[in-house]
1. Can you give the translational diffusion coefficient of the chain in µm²/s, computed by Stokes-Einstein from the Kirkwood radius over Cα pairs at 25 °C and 0.890 mPa s?
2. Could you give the distance between the Cα centres of segment 174-197 and segment 99-164, to the whole Å?
3. Full extension from residue 18 to residue 123: what is 0.36 nm times the residue separation minus their Cα-Cα distance, to one decimal in nm?
4. Please state, to two decimals, what the Cα-based radius of gyration of segment 191-240 comes to when divided by 2.2 N^0.38 Å (N = residues).
5. Could you line up 60, 193 from fewest to most neighbouring Cβ atoms inside 10 Å?
6. So if I take the centroid of the Cα atoms in segment 265-293 and the same for segment 28-68, what is the distance between those two points in Å?
7. Order of 220, 36 from fewest to most other C-beta atoms within 10 Å?
8. Return the FRET efficiency for the residue pair residue 99, residue 187: r is the Cβ-Cβ distance, R0 is 35 Å, and the value is rounded to the nearest 0.05.
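Nothing in this text is a laboratory measurement; each read-out follows from the coordinates by a stated rule. Note that this is a predicted model, so its numbers are computed, not measured. Heads up, the Cβs are rebuilt from the backbone with ideal geometry, glycines too, and the neighbour counts pull from every protein chain shown.
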């Protein structure tokens with residue numbers, strides 16, 4: 001497989017951050033303390049080994065600014081996403097050079113924007129605070145208004161990644177897969193190969209699979225998505241491809257099932273025989289579990 005950009009995290013937009021934190025804690029996840037962004041959003045994270053889930057809410061709407069000419073507004077995109085529904089709005093890939101990513105995306109003919117730099121305070125396990133900083137290179141597609149992508153370069157990773165936040169009662173280890181739904185999955189090969197490199201995407205039954213250095217992105221048509229997650233259907237008002245599921249690898253399926261059972265939250269069973277939390281119980285995103293690769 002060519003050199004690719006691994007999955008760094010997902011942006012999962014919710015209306016009530018406290019309620020989402022409580023729900024995911026009940027499912028056996030450890031969450032970081034809540035944090036504020038300088039542009040009106042707030043978050044709490046589920047850190048794994050190398051990537052994470054970001055629960056994000058609008059907490060100071062007065063601080064959200066629209067996009068400048070030729071730019072991209074993270075806050076406005078999340079606000080507008082939540083105006084439609086809760087769920088995953090953005091997929092983020094790792095970066096060691098956001099400006100280099102921006103140049104690569106331009107060269108590939110993708111719609112990209114000036115690199116966005118920002119910093120915020122993070123609470124450490126000790127209770128102390130430290131500043132973490134990031135540079136983001138965004139990509140959008142005019143035919144995918146309900147999905148956005150970016151790469152995330154961390155400038156103070158020693159303050160961000162903490163083992164104490166990476167131990168989960170359900171054994172979660174990493175985001176293994178992101179599942180999108182699109183009417184014609186094969187049409188999105190160019191977008192993903194523009195971000196991940198030629199040859200990173202391959203056709204599969206009912207869709208497209210995109211390999212990365214950390215995890216896979218799968219694009220399925222609606223029928224294949226429902227066949228994989230029985231009883232689940234993509235949003236009826238979707239326009240273009242949408243993020244529909246995230247699959248987390250766990251250290252042991254038996255322990256994960258026990259924790260899910262203890263949560264008293266009903267789960268489904270995927271076509272592969274693995275448990276998943278339904279979108280209606282996970283704030284608009286099907287949450288699947290899988291053994292380690």
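1. Details: Rh = 19.1 Å.
Here the translational diffusion coefficient equals 128 µm²/s.
2. Distance between centres, Cα-based: 19 Å.
3. Answer, rounded to one decimal: 36.1 nm.
4. After normalising by residue count via 2.2 N^0.38 Å, the value is 1.28.
5. Values: 60 14, 193 17.
Arranged by neighbour count, lowest to highest, 60, 193 become 60, 193.
6. 23 Å
7. On the way: 220 26, 36 14.
The most exposed by this proxy come first: 36, 220.
8. On the way: r = 29 Å, r/R0 = 0.84.
The value I calculate is 0.75.
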